[in-house]
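> Pasting a structure below so you can have a look.
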Amino acid sequence: MALVLCLGLLVVACGGAAGGADGDGEAAGTTLTVYSGREEELVAPLLAQFEEDEGIDLEVRYGDSAELAAQLLEEGEASPADVFFSQDAGALGVVGAEGLLAPIDNAILERVDHQFRSQEGLWVGTSGRARVAVYNTEALSEDDLPDSIEDFTDESWRGRIGFPPTNSSFQAFVAAMIDAQGDEATLAFLEGLQANEPELFEENSDVVRAVAAGTIDVGFVNHYYIYEVAAEEGDIPVANHFFTNGDPGALINAAGVGVLNTTDQAGAAETFVDYLTSDKGQRFFAEETFEYPVVRDLEPSGDLVPLDQIQSPDIDLSELGERLPQALDLLAQVGFL
Amino acid sequence: MSIAAPVIRAGLAASRAGREASQARRALVLCGLAVGALMLLPVAYLVVRALEADASSWDLILRGRTVWLAVRSVGLAATVTLAAAALGVPLAWLTVRTDLPGRRLWGVVVALPLVIPSYVGAFALLAALGQGGLLDAALQDTALAGSLPDITGWPGAWASLTLFTYPYVYLLVAAGMKGLDPAAEEAARSLGRSSWATFRSVTLPLLRPSIAAGCLLVALYTLHDFGAVSLMRFPAFTQAIYLQYRGAFDRAPAAILSLLLVAVALSVLVLEHSARGRARYYRSGAGSRRPLRRVALGRWKWAAFAFCSALSLAAFVLPVGVIVFWVLRAVSEGEEVRFTWAAGLGSILVSSAGAAVALLAALPVALLAVHRPRRLATVVERVSYSGYALPGIVVALALVFFSINTVPLLYQSLPLVVIAYVVLFLPQAVEPLRGSLLQVGPRLEEAARALGKSRLGAFRAVVAPLLAKGAGAGAALVFLTAMKELPATLLLRPTGFETLATRVWSGAAAGLYGKAAGPALLLLAICAVPLYFLARRVEVDEAEVESK
């Protein structure tokens with residue numbers, strides 16, 4: 001009884017508070033609910049700029065991309081979300097495959113390079129993230145590094161490499177390798193890595209820190225982590241080495257956005273997607289988060305190797321998700337998980 | 001007629017009292033069932049999802065690796081629990097029963113590691129002692145460069161979980177010790193037992209329920225922990241569950257694995273039940289309780305002092321030092337360090353509501369377990385542990401599923417976050433309540449009733465004051481744990497609502513430790529307040545020190 005009473009009180013108290021907030025939103029105009037798997041520290045300035053430019057209020061729910069995807073799947077048709085802004089294509093692919101995403105306007109889709117969007121037009125990439133090998137510039141020079149990630153199975157790298165096997169970007173790379181070369185070749189590669197006694201990490205940024213400290217010489221991460229760590233720790237002796245020519249190590253994954261088909265704000269949602277793929281949005285990703293713009297004919301900033309030289313392996317990023325259970329399986333077999 | 005009237009009146013009164021009693025009993029059972037039903041939600045959800053599993057999911061589960069992970073998780077839980085008991089019981093004895101220098105202060109200080117979330121603690125340990133960490137960097141130009149052992153894997157997971165959970169054992173055992181009657185010990189001493197033999201044969205058995213309760217909380221905490229094991233890269237059962245959600249986006253195998261985790265937790269409960277035994281723990285002799293005598297440590301005094309110091313250094317000063325270092329570094333690099341006061345208020349609001357509701361829900365469970373230990377009560381009690389054994393994300397998804405399909409109004413509201421805390425942490429409220437109820441003998445209640453109190457009156461006069469102690473401890477424990485909770489808060493909170501844990505997460509997720517350190521420090525400061533009262537509660541009044 002007391003329990004019910006107490007809960008009742010809470011409902012009233014919180015309902016009152018929530019109601020007040022909603023009222024403010026309506027007075028100012030439309031409110032769009034965004035589930036963002038992209039980190040607040042990175043994208044909040046862009047989203048604030050969007051609110052100012054477009055006069056649309058955002059209610060942003062930050063979380064882990066995969067956990068937000070799981071939440072969207074549980075919510076199903078009752079989801080309060082209008083837009084899903086995801087860290088990687090895999091999470092968007094899963095939500096799309098479940099039939100929860102609405103098709104995106106063709107004009108927007110066509111701006112973006114075909115490898116960075118859903119083939120069914122259910123989501124569109126907003127920025128690209130290249131897999132690289134980071135290396136300690138005091139221990140190695142660019143010429144010491146091999147052209148293919150597969151060469152790191154060579155004995156000479158024993159005890160010198162590290163990567164984060166539980167991280168979704170690394171798992172996506174393994175899934176892409178399975179897609180390109182099949183199970184056996186991927187397993188052989190992973191076993192070769194294991195024989196070189198790699199250092200395993202939980203987070204990409206920890207890999208970069210270990211390379212900076214000289215604990216290991218080379219680490220496999222996404223290309224922008226050295227900028228993130230440098231922002232925190234100042235100058236670090238670490239540089240990116242890009243794999244090129246369609247090497248399996250050259251996967252470029254996309255962060256992207258999809259519109260939930262339960263939205264009652266289709267217009268505002270489209271404005272949001274349009275904004276992220278506009279010149280302004282793309283410049284933000286290129287200059288502030290050091291990612292690759294995905295709209296055609298836009299150049300990446302700084303010392304990033306242009307996309308046409310990298311030639312990411314030709315795969316459908318949406319379908320990467322289907323290879324993931326297999327990737328996890330191989331990683332577990334080898335003992336990385 | 002004139003004789004019959006009082007008799008009839010007395011008879012009526014008796015039957016009314018009987019009716020009242022049976023009504024009270026029925027209400028208690030109903031409340032217990034309601035709580036049990038709430039606690040069953042996650043399991044019900046998991047069954048729904050597990051039934052969707054296809055052959056390939058089952059293949060994924062039914063193989064050696066799952067067994068291997070289960071063995072590792074159980075092994076970790078067992079070793080952490082043993083170590084936590086090995087730290088917690090002596091600490092309780094030192095701070096409650098001896099003349100340890102600075103005893104009152106230590107009573108609070110050794111409980112402090114409880115304010116440190118295990119993921120923050122594990123992270124700080126790695127940052128301080130791990131390879132490439134602060135100590136490693138400091139040694140770089142010395143002869144000891146590169147000589148640090150790798151602490152990741154089992155040693156790191158074991159050490160961090162032990163250091164940040166032993167206070168559960170310490171606090172519950174210290175409270176139990178304070179409630180002991182010295183008469184039993186004095187009898188043993190007068191019969192010629194040495195003080196060690198007395199401790200082993202009399203004190204320790206009397207403390208069995210508190211030790212078992214503390215160990216149970218530690219064991220189940222270790223089983224459901226994800227943060228520390230993943231940071232230490234110790235492949236455990238929870239990691240397999242998270243990988244299914246995060247890596248493979250597959251809910252069916254995750255559900256099956258979670259159900260297996262619940263099964264493991266249930267077997268731990270059965271184990272605890274037999275360890276607890278069916279003994280009685282209340283005093284039944286005449287006379288009133290006297291204050292406990294304290295033992296003079298003699299030349300062991302400073303060894304005990306060093307033990308407490310070393311432990312506090314590793315479990316509290318070190319992690320706090322690392323966080324302070326991050327704050328200072330951020331400040332020195334001109335970054336703005338935000339303490340996020342609004343998030344602090346948010347944390348306090350939901351955590352206190354969680355503690356209050358958990359306490360109300362724990363009351364019928366504990367009363368049923370102690371006063372009516374029959375099959376129904378046992379089932380309700382066991383069920384109430386299932387949420388505590390599950391990783392936060394599983395409980396959160398279960399509540400997403402039920403709330404959005406039944407009471408959409410509740411979805412992403414603060415009451416739902418509160419309900420999640422109750423489902424996740426109820427045992428932390430039940431255990432101290434049960435502990436204090438066990439020390440209330442039925443005679444006390446009977447005596448009060450014989451003195452003319454009604455059943456409710458007897459409860460109010462006799463049981464309630466004793467219960468209040470356990471209630472305070474339970475509420476404080478739930479509050480502390482809720483303050484640190486992350487995965488369920490992230491999924492269930494109203495959009496835009498922030499707690500300190502979510503602020504720590506959003507800084508750490510971006511790899512910006514300076515950003516995470518401010519809210520982490522504020523979290524520790526807020527948690528220290530209820531912890532202070534929790535630890536002070538176990539302090540005994542000054543009593544004469546027993547001479548050797």
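The values are calculated or read from the model by the stated rules, or taken from the named source; none is laboratory data. This one's a predicted model, so the numbers in the text were calculated from it and none came from an experiment. Cβ sites come from the backbone with ideal geometry, for glycine too, and all protein chains shown count toward neighbours.
> Condition test on residue B:76, is it buried (at least 23 other Cβ atoms within 10 Å of the Cβ) and in a loop (DSSP other than H, G, I, E, B)?
Values: buried (at least 23 other Cβ atoms within 10 Å of the Cβ): yes; in a loop (DSSP other than H, G, I, E, B): no.
So residue B:76 fails the test.
> Looking for whichever is polar (S, T, N, Q), at pLDDT 90 or above and assigned to a helix (DSSP H, G or I) here; the options are B:312, B:274, B:267. Which one fits?
Step by step, each of B:312, B:274, B:267 is checked, and only B:312 is polar (S, T, N, Q), at pLDDT 90 or above and assigned to a helix (DSSP H, G or I).
Rundown of residues vs (1) aromatic (Phe, Trp, Tyr); (2) buried (at least 24 other Cβ atoms within 10 Å of the Cβ), yes/no style:
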{"site": "B:497", "(1), (2)": "yes, no"}
{"site": "B:515", "(1), (2)": "no, yes"}
{"site": "B:521", "(1), (2)": "no, no"}
{"site": "B:529", "(1), (2)": "no, no"}
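Conditions tested, residue by residue: (1) crowded, with 22+ Cβ neighbours inside 10 Å; (2) modelled with pLDDT of 95 or more.
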{"position": "A:76", "(1), (2)": "no, no"}
{"position": "A:90", "(1), (2)": "yes, no"}
{"position": "A:111", "(1), (2)": "no, no"}
{"position": "A:143", "(1), (2)": "no, no"}
{"position": "A:146", "(1), (2)": "no, no"}
{"position": "A:161", "(1), (2)": "yes, yes"}
{"position": "A:165", "(1), (2)": "yes, no"}
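> Out of contact with any helix residue (DSSP H, G or I) (no Cβ under 8 Å at 6 or more places or on another chain), in contact (Cβ under 8 Å) with a residue 24 or more places away in the chain and β-branched (Val, Ile, Thr): does that describe residue A:43?
yes
> Residue B:327 - would you say it is under 28 Å from residue A:232 (Cα atoms), of a type outside the set (Gly, Ala, Ser), within 14 Å of chain A (Cβ to nearest Cβ) and in a loop (DSSP other than H, G, I, E, B)?
It is false that residue B:327 is under 28 Å from residue A:232 (Cα atoms), of a type outside the set (Gly, Ala, Ser), within 14 Å of chain A (Cβ to nearest Cβ) and in a loop (DSSP other than H, G, I, E, B).
> Tell me, please, whether a residue that is in contact (Cβ under 8 Å) with a residue 24 or more places away in the chain, over 30 Å from residue B:462 (Cβ atoms) and more than 12 Å from chain A (Cβ to nearest Cβ) can be found in segment B:362-385.
No, that holds for no residue.
> Here's something else I'd like to know. Just need a number here: residues in segment B:488-510 that are within 9 Å of chain A (Cβ to nearest Cβ), hydroxyl-bearing (Ser, Thr, Tyr) and in a helix (DSSP H, G or I).
Adding up the residues that qualify gives 2.
> Then there's this: Can you report the number of residues in segment B:1-51 which are surrounded by 11 or more Cβ atoms within 10 Å (Cβ to Cβ) and either within 30 Å of residue B:396 (Cα to Cα) or at pLDDT 90 or above (or both)?
Residues that pass the stated criteria total 24.
Matching residues to (1) within 14 Å of chain B (Cβ to nearest Cβ); (2) under 22 Å from the mean Cα position of the chain (by Cα):
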| site | (1), (2) |
| --- | --- |
| A:197 | yes, no |
| A:232 | yes, yes |
| A:254 | no, yes |
| A:267 | no, no |
| A:270 | no, yes |
| A:274 | no, yes |
| A:279 | no, yes |
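> Whether any residue in segment A:316-332 is assigned to a loop (DSSP other than H, G, I, E, B) and in contact (Cβ under 8 Å) with a residue 12 or more places away in the chain is what I want to check.
Checked segment A:316-332: at least one residue is assigned to a loop (DSSP other than H, G, I, E, B) and in contact (Cβ under 8 Å) with a residue 12 or more places away in the chain.
> Still on this structure: Only one of (1) within 14 Å of another protein chain (Cβ to nearest Cβ); (2) of a type outside the set (A, V, I, L, M); (3) in contact (Cβ under 8 Å) with a residue 24 or more places away in the chain fails for residue B:339. Which number is that?
Looking at each condition in turn, residue B:339 falls short on (1).
> Residues that are buried (at least 20 other Cβ atoms within 10 Å of the Cβ): list the helices (runs of 4 or more DSSP H) wholly contained in segment B:365-484 that include at least 3 such residues.
In segment B:365-484, B:375-383, B:392-406, B:414-438, B:464-484 are the helices (runs of 4 or more DSSP H) which contain 3 or more residues that are buried (at least 20 other Cβ atoms within 10 Å of the Cβ).
> Residues of segment B:121-155 being of a type in the set (Val, Ile, Thr) and within 14 Å of another protein chain (Cβ to nearest Cβ), which ones?
If the condition is that a residue be of a type in the set (Val, Ile, Thr) and within 14 Å of another protein chain (Cβ to nearest Cβ), then B:151, B:152 are the ones that fit.
> A further question on this structure: Which numbered condition in (1) surrounded by 19 or more Cβ atoms within 10 Å (Cβ to Cβ); (2) facing another protein chain (nearest Cβ under 10 Å); (3) touching a residue at least 24 places away in the same chain (Cβ under 8 Å) is the only one that residue A:117 fails?
Condition not satisfied by residue A:117: (2).
> Would you be able to say whether some residue in segment A:242-265 is in a loop (DSSP other than H, G, I, E, B), touching a Gly at 6+ places or on another chain (Cβ under 6 Å) and either buried (at least 19 other Cβ atoms within 10 Å of the Cβ) or without any contact (Cβ under 8 Å) to a residue 60 or more places away in the chain (or both)? Give the derivation first.
So the first thing to find is which residues in segment A:242-265 are in a loop (DSSP other than H, G, I, E, B), and the list is A:243-247, A:251, A:261-265.
Filter once more, keeping what is touching a Gly at 6+ places or on another chain (Cβ under 6 Å): A:243.
Filter again for either buried (at least 19 other Cβ atoms within 10 Å of the Cβ) or without any contact (Cβ under 8 Å) to a residue 60 or more places away in the chain (or both), leaving A:243.
Yes, segment A:242-265 contains a residue that is in a loop (DSSP other than H, G, I, E, B), touching a Gly at 6+ places or on another chain (Cβ under 6 Å) and either buried (at least 19 other Cβ atoms within 10 Å of the Cβ) or without any contact (Cβ under 8 Å) to a residue 60 or more places away in the chain (or both).
> So in segment B:224-274, with the set limited to residues that are of a type in the set (Gly, Ala, Ser) and closer than 17 Å to residue B:118 by Cβ, which one is nearest to the other protein chains (Cβ to nearest Cβ)?
So the residue we want is B:230.
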